[in-house]
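What follows is a set of notes on a single structure, which appears directly below.
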Amino acid sequence: MINIEIWASGAGSNALNIIHYFKKSQKINVARVSSNKSSAGVLVAAEAQGINTHVISTEEFVNGLYLEDLKRRGVNYIILAGFLKLVPRSIVQHYKGRMLNIHPSLLPNYGGKNMYGDNVHKAVLAAGESKTGITIHEVNEEFDKGKIVAQFHCDIDPNENLDTLRSKIRKLEHDNFPQVIEEFILNRSNPQS
Ligand code: GRF
C-alpha cells in the first residue's frame with residue numbers, strides 16, 4: 001500500500017472527499033489526517049470515518065520530530081487540503097515531488113501569503129475576472145509557488161457572488177482533486193519512492 005497523509009486546517013471537505021475516494025482503493029491508503037489546529041472540524045470528521053488523526057504542534061513541526069515520525073510511519077505522500085501553515089524546509093525537501101497542495105484560483109494569479117479561502121474569491125470577484133478555477137501543485141518553500149500539476153477552469157457569471165463562486169470552486173475541487181492525486185502517484189515509475 002502507498003500511504004498518504006492529509007493535512008488540513010479547517011472543515012476539511014476536500015480531505016473527506018479524498019478519504020471517500022480512496023476508501024476501497026487497493027493501492028492508496030489514507031493513513032492519517034493531521035492538522036495544525038486542535039479545533040479543526042476535519043479532525044472530528046476524519047475520526048468518524050475511522051481515520052487516525054493528529055494535531056501537529058508547532059514545536060514538532062519545526063524541530064524535525066514530525067519529519068522523523070512521517071518517515072517512521074512510512075508516509076509516502078503528503079496532501080495539503082486547506083492547510084494554512086507554511087511547511088518547514090526539511091519536510092519540503094524530504095517530500096520533494098511527493099507533496100501536493102490545492103489552491104482555489106488559477107495560479108500564479110491570486111496566490112501567496114494570506115490568499116486562501118474567501119480572500120481569494122473576493123479578490124477574483126473584485127477584479128472582474130470572467131474566468132477562474134483551481135490549481136493543484138507541488139509544494140515548495142514558498143506559498144503557492146510549486147510546480148503546477150493540473151488546473152481546472154470555470155466561468156464567472158455576470159451575477160456571480162461570493163456564495164455561488166465558493167460553491168462552484170468547491171465542486172471543481174471535489175470533482176478533480178482525488179483523481180489528480182491518484183494519477184500523480186500511480187503514474188510514477190516507482191510510486192512508493
Ligand atoms: C479549499 O478551497 C482549498 O482550495 C483551499 O482551502 C479550501 C479548503 O476547503 N486551499 P475545505 O476545508 O477542504 O472545505
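Observations on the model:
- Count of residues meeting criterion [open to solvent by 50 Å² or more (accessible area, probe 1.4 Å) and either part of a helix (DSSP H, G or I) or at pLDDT 95 or above (or both)] in the range 175-191: 5
- Helices (runs of 4 or more DSSP H) completely within the range 19-85 that count 1 or more residues being among the basic types (Lys, Arg) and away from the ligand (no atom under 16 Å from the Cβ): 65-72
- Against the test of being surrounded by fewer than 16 Cβ atoms within 10 Å (Cβ to Cβ) and either farther than 20 Å from residue 91 by Cβ or in contact (Cβ under 8 Å) with a residue 24 or more places away in the chain (or both), the options 30, 44 yield a single qualifying residue, 44.
- Filtering the range 122-160 to residues that are hydrophobic (A, V, I, L, M, F, W, C), open to solvent by 60 Å² or more (accessible area, probe 1.4 Å) and under 26 Å from residue 184 (Cα atoms) leaves 143, 148.
- Residue within the range 5-16 that is away from the ligand (no atom under 12 Å from the Cβ) and within 16 Å of the chain's Cα centre (by Cα) present: yes
- Scan of the range 113-123 for residues that are more than 10 Å from the ligand (Cβ to nearest atom), out of contact with any Phe, Trp or Tyr (no Cβ under 7 Å at 6 or more places or on another chain) and either outside any loop (DSSP other than H, G, I, E, B) or within 20 Å of residue 152 (Cβ to Cβ) (or both), ordered by number: 119, 122
- Residue in the range 124-145 that is outside any strand (DSSP E or B) and of a type in the set (Ser, Thr, Tyr) present: yes
- Condition check for residue 110: hydroxyl-bearing (Ser, Thr, Tyr), within 8 Å of the ligand (Cβ to nearest atom) and surrounded by 14 or more Cβ atoms within 10 Å (Cβ to Cβ): no
- Some residue of the range 18-37 being within 30 Å of residue 129 (Cβ to Cβ) and either of a type outside the set (Phe, Trp, Tyr) or under 16 Å from the mean Cα position of the chain (by Cα) (or both): yes
- Which numbered condition residue 171 misses (of (1) within 12 Å of the ligand (Cβ to nearest atom); (2) open to solvent by less than 70 Å² (accessible area, probe 1.4 Å)): (2)
The values are calculated or read from the model by the stated rules, or taken from the named source; none is laboratory data. Bear in mind the structure is a predicted one, so any value in this text is a computation, not a measurement. Because the Cβ atoms are built from the backbone with ideal geometry, glycine has one as well, and the counts that use them run over all protein chains shown. SASA here: full protein model, heavy atoms, side chains in, ligands and nucleic acids out. Shrake-Rupley method; radii C 1.70, N 1.55, O 1.52, S 1.80 Å.
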